[in-house]
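J.: The structure that follows is given in the form of structure tokens.
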Amino acid sequence: MKNWKEKTKKQKTLFLMAGIVLVLVVVYSVVAIYFTKHFLPNTFINGASCFGKTVEAVQQTIRDEVEGYELTLKERSDKIETIKGSDFELKAVFDDTYEKLLKEQGSFGWLFQIGKDHKYNPGTALEYNEDAFAQAISRLSCMDKEKMQKPENAKVVFSDQEAYEIKPAVFGTTIQEEILKEKVTASVMELQKELDLEEAGCY
């Protein structure tokens, strides 16, 4: 009788352990299947956290960012102008890069990947209407030739006090148009938020 009870107890223990293992396997598999469509924890694409997001969600976030894109131009005399991506139909273009990143993360090994950082910088492919882009630049106030102030060298002048004095140089606001277009284009393609025309050598 005692042996029968011990045997029954062992069987119950084995069934319980088998049940626990089965549950763990099912849970692990469910999570693994989830990560075949979603990015793992600590996943960053172009600096943005993508944990738990699908490829479609990541791409939509990028689309929203691009559609709301604005480039602020810092000009001389503390002037500020803005170019909006919507003015020249700026939009993101996608290939299969994000699908490949999702596949390469190894979803069925998710447990061993949780503590690791997954950082990717594929960049964002962009396209825009070139004619509209050229018009957006031409409409900038700093591109208005009538408003441009020519630079002047420092010079000695005779003042009202009947004395000679040095008149400081005037840097002016004359824009080098081709350089401005080149720098603005580069800033837009990198989705930079600000461009200092002085530092960029646009004058």
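The values are calculated or read from the model by the stated rules, or taken from the named source; none is laboratory data. Everything numeric in this text was worked out from a predicted model, so none of it was measured. So basically every Cβ, Gly included, is an ideal-geometry build from the backbone, and we count neighbours across all protein chains shown. Each accessible area value is taken on the protein alone, full model and side chains, heavy atoms only, with ligands, DNA and RNA left out. Shrake-Rupley method; radii C 1.70, N 1.55, O 1.52, S 1.80 Å.
J.: Using a simple spin-label model with points 7 Å from Cα along the Cα→Cβ vector, what separation in nm is obtained for Val93 and Asp78?
T.: 4.2 nm
J.: Under 18 Å Cα to Cα from Lys74, which aspartates and glutamates show up? Leave out anything in the same chain fewer than 8 places away.
T.: Result set, ordered by chain and number: Asp144, Glu177, Glu178, Glu182, Glu190, Glu194, Asp196, Glu198, Glu199.
J.: Using only the alpha-carbon atoms of segment 7-115 as identical scatterers, what base-10 log of I(q)/I(0) does the Debye formula give at q = 0.13, 0.22, 0.23 Å⁻¹?
T.: Debye curve over Cα of segment 7-115, log10 I(q)/I(0) at q = 0.13, 0.22, 0.23 Å⁻¹: -0.69, -1.13, -1.18.
J.: Going down the table (Lys84/Lys150; Lys91/Lys150; Lys119/Lys193; Lys145/Lys193), which pairs top 32 Å between alpha carbons?
T.: Lys91/Lys150
J.: Now, a different point. Of all DSSP beta bridges located in the chain, what percent are antiparallel, nearest 5?
T.: Around 70 percent of the beta bridges assigned by DSSP in the chain are antiparallel ones.
J.: Moving on. Go ahead and set up a Gaussian network model of the chain, Cα springs under 10 Å, then flag whichever of Gln149, Gln192, Gln105 fluctuates most.
T.: Residue with maximal mean-square fluctuation among Gln149, Gln192, Gln105: Gln149.
J.: If you don't mind, there's one more thing I want to ask. Hey, how much of the P(r) for segment 78-136 falls beyond 16 Å, as a percent of Cα pairs?
T.: 64 percent
J.: Carbon-plus-sulfur fraction of the accessible area of the chain, 1.4 Å probe, in percent?
T.: Roughly 55 percent of what the probe reaches on the chain is carbon or sulfur.
J.: Given points 7 Å out from each Cα along the Cα-Cβ axis, report the Gln192 to Glu65 separation in nanometres with one decimal.
T.: Between Gln192 and Glu65, the simple spin-label model gives 1.7 nm.
J.: Moving on. Pulled fully out, how much extra length does the chain show between Val26 and Thr8, if you take 0.36 nm times their separation in residues and subtract their Cα-Cα distance?
T.: Using 0.36 nm per residue and subtracting the Cα-Cα distance, I get 3.8 nm.
J.: How much area per residue is accessible in the chain when the probe is 1.4 Å and only protein heavy atoms are counted (Å²)?
T.: Accessible area per residue: 69 Å².
J.: Moving to a separate point now. Could you tell me which label, among (i) 167; (ii) 180; (iii) 152, carries the value of volume of the Cα convex hull per residue in Å³ calculated for this structure?
T.: Of the labelled values, this structure produces (i).
J.: Are there any helices in the chain, counted as whole DSSP H runs, that stretch 27 Å or more along their axis by Cα and score at least -0.5 on average by Kyte-Doolittle, and if so which?
T.: 2-34
J.: Determine the distance separating the Cα centre of segment 92-153 from the Cα centre of segment 29-47; give it in Å without decimals.
T.: Here the two parts' Cα centres lie 23 Å apart.
J.: Rounded to the nearest 0.05, what FRET efficiency is calculated for Phe108 and Glu56 with R0 set to 30 Å and r the Cβ-Cβ distance?
T.: 0.85
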